[in-house]
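**Student:** Shown below is the structure under consideration.
The values are calculated or read from the model by the stated rules, or taken from the named source; none is laboratory data. Worth saying up front: this structure is predicted, and the values here are computed from it rather than measured. Using ideal geometry, Cβ is built from the backbone for each residue, glycine included, and neighbour counts are taken over all protein chains shown.
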Amino acid sequence: MASHHNLLGRQLRQYLGCLGTSAEELKAAFGCAGTCSAKMSDLLNAVNEAYGQSDNDRTMLERSLQLSSQEVYAAMLEMRGLLQAFPDLYFRVDASGKILDVKTGSDADLHVPSSQLLGKRIQDDPSKRVGEEFAEAIARIRRTQSLVSIEYAMKLRGEQKYFEARLLPLPENQILVIVRNITQRKQAEEALRMSEEQLRQAQKMEAVGRLAGGVAHDFNNLLTVISGHCELLIEQVKTGNLSRESVEEVQNAAQRASQLTRQLLAFSRKQVLQPKALQLNGVVVGIEKMTRRLIGEDIELRTILNESLGQIMADPGQIEQVILNLVVNARDAMPRGGRILIETDNVTLDQKTGYKHHELNPGQYVMLAITDTGVGMTDSVKEHLFEPFFTTKEHGKGTGLGLATCFGIVRQSGGDIRVYSEPDRGTAFKIYFPRIDQRAATESAPSPNTSLSHGSETVLLVEDEISVRRLAASVLRKYGYIVHEAGDGVEALQLLSSDHSPKLDLIISDMIMPRMGGKELLERVRMKLPEVKVLLVSGYTDDALADHGALGPGISFLEKPFSPKQLAQRVREVLEEPSALVEATPL
């Protein structure tokens, strides 16, 4: 580089005509030898300095370019690493869809290894529908030169996968295709949709239950009046009289209607829990007619009932619901007809068999089995069978609550339920209830001894339905009781707060009333009269009482519709029960 500078100096001297000229010659020629030499020297020094600075600048530029190329290479490596780390697939294709380059961290979302895709068209997917979607997207991006997004589903190694593809235009008439696996997102969206659907189904069931309970409540009031006055008329008409026979027919119809309302309340789960000793044979026989109507004529129903069957402690209405749900489930599993078998038997579970039923202790049990010849089910279905909202029925045909309800009722009754099934070989549900030694209560209560139903105690009758209140008050007065009446809880409290408040032995109150119902009334009465006995009367209860599963100390229950004799005997039984002082705690 210094030689270049010297060459430049000689050229400058030649240009100035000073080449080979001494200082004396310069002085003689121009009279400025020293000055000219100094100026020339300064000029040459400036040129050398400028070139030196240029050399430095060029060196720095070369070094900068070298660093920039290293940084670009490092950035390229970093970008490549990021592309490989991301699960997305990156394709660079030409205008025809031919794959020019592929970047992917894994081949899990590809039909073939990525190296085999080069040169092929991206729209030549094994799935014709997916290929058509890509072809349409490429045509659209060529027209619009803007971002295009598509979603598609395809089978990969036997599994359904979902993808989102984004196509972006690149220079030189190329297209960047970014494909992302969105299967998890789709599954989450589907789970959310199912949850929302389950919530809607639950709300629908709750609405139906409330409607059924409300209808049953009003209907039971009517049946109480009808059956009560029929009984009073029968007492006044001699046997053999045609009028008596007509009244008896009306009374029988009212009794059948009351059974329907009980079954309606069983479906809506609005009954007060009243577990009692019972024999399963009586429950099966009691609903057999209704069961046959449910399954239709193309399904045969058989029963094999052990005549020496033991008794269990359970709520008859709940057991009816279990049987009906399982029978309906069996019917739906036999669209072309078949057979349903209902069996009862006494069984003993020892240490070995009890281990299979890990929820049960070894001992004596009563078994209820319901078997069908339907389509059966797989092991995977059986694993989720008793989960709420799980159903194998087509959309709109099942809520997924029937078997979950059965499971809850059985477990609440201290039992266990098992299912045995294989595809195309039918299904058997076996339910085990702890066997008790107590004598089973008969389905039809024995006729009370009228003389034992009389009394002279003071009773407060709280009932908003005037016809029911009049009937009940008339019956109680007939049996010797002193009766005070109130149309709802507010009137009852006004009576108890008056200066002439009676000394009460018993409060009989309906549960569902306007202004103030039985629950709030009892809470307030207990604060003032903790020792008073209470008889709740209703054919329907609100959730607050039903959720307790029992009525609590000092509170008894009479289900509507009731007959005059049932009312009189129940009142007598409550009054003769030992008194138990109850603390004033909310129900």
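**Student:** Whether any residue in the range 60-83 is modelled with pLDDT of 70 or more and out of contact with any Gly (no Cβ under 9 Å at 6 or more places or on another chain) is what I want to check.
**Tutor:** Yes: the range 60-83 contains one or more residues that are modelled with pLDDT of 70 or more and out of contact with any Gly (no Cβ under 9 Å at 6 or more places or on another chain).
Matching residues to (1) modelled with pLDDT under 85; (2) over 35 Å from the mean Cα position of the chain (by Cα); (3) on the phi < 0 side of the Ramachandran plot; (4) not in a helix (DSSP H, G or I):
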| residue | (1), (2), (3), (4) |
| --- | --- |
| M516 | no, no, yes, yes |
| K519 | yes, no, yes, no |
| V525 | no, yes, yes, no |
| P530 | yes, yes, yes, yes |
| V537 | no, no, yes, yes |
| Y540 | yes, no, yes, yes |
| G552 | yes, no, no, yes |
| F557 | yes, no, yes, yes |
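**Student:** Can you confirm whether the range 210-220 contains a residue that is within 24 Å of T261 (Cα to Cα), of a type outside the set (K, R), over 32 Å from the mean Cα position of the chain (by Cα) and at pLDDT 70 or above?
**Tutor:** Yes: the range 210-220 contains one or more residues that are within 24 Å of T261 (Cα to Cα), of a type outside the set (K, R), over 32 Å from the mean Cα position of the chain (by Cα) and at pLDDT 70 or above.
**Student:** Go over the candidates L168, L156 one by one and state the one that is at pLDDT 85 or above and either assigned by TED's automatic domain parsing to the domain that holds V102 or surrounded by 15 or more Cβ atoms within 10 Å (Cβ to Cβ) (or both).
**Tutor:** One residue alone meets the criteria, L168.
**Student:** Taking the range 224-243 as the search range and keeping residues that are under 50 Å from the mean Cα position of the chain (by Cα) and among the hydrophobic types (A, V, I, L, M, F, W, C), which one is farthest from G539 (Cα to Cα)?
**Tutor:** Among residues in the range 224-243 that are under 50 Å from the mean Cα position of the chain (by Cα) and among the hydrophobic types (A, V, I, L, M, F, W, C), the one farthest from G539 (Cα to Cα) is C230.
**Student:** Still on this structure, I have one more. Taking only the range 491-513 into account, find how many residues are touching a helix residue (DSSP H, G or I) at 6+ places or on another chain (Cβ under 8 Å) and without any contact (Cβ under 8 Å) to a residue 12 or more places away in the chain.
**Tutor:** Qualifying residue count, the range 491-513: 1.
**Student:** Next up: Report, by residue number, each residue of the range 104-149 that is modelled with pLDDT of 80 or more, surrounded by 13 or more Cβ atoms within 10 Å (Cβ to Cβ) and not in a helix (DSSP H, G or I).
**Tutor:** Hits for the range 104-149 are L117, K120, R121, I122, Q123, D124, V148.
**Student:** Of the residues N361, N325, which is touching a helix residue (DSSP H, G or I) at 6+ places or on another chain (Cβ under 9 Å), among the polar types (S, T, N, Q) and modelled with pLDDT under 85?
**Tutor:** N361
**Student:** Filter the range 324-340 for residues that are closer than 18 Å to G286 by Cβ and of a type outside the set (V, I, T); which is surrounded by the fewest Cβ atoms within 10 Å (Cβ to Cβ)?
**Tutor:** Per the criteria, the residue is L324.
Let's see how each residue does on (1) at pLDDT below 80; (2) touching a strand residue (DSSP E or B) at 6+ places or on another chain (Cβ under 9 Å); (3) of a type in the set (S, T, N, Q):
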residue: S246; (1), (2), (3): no, no, yes
residue: N252; (1), (2), (3): no, no, yes
residue: R256; (1), (2), (3): yes, no, no
residue: L260; (1), (2), (3): yes, no, no
residue: R269; (1), (2), (3): yes, no, no
residue: N281; (1), (2), (3): no, yes, yes
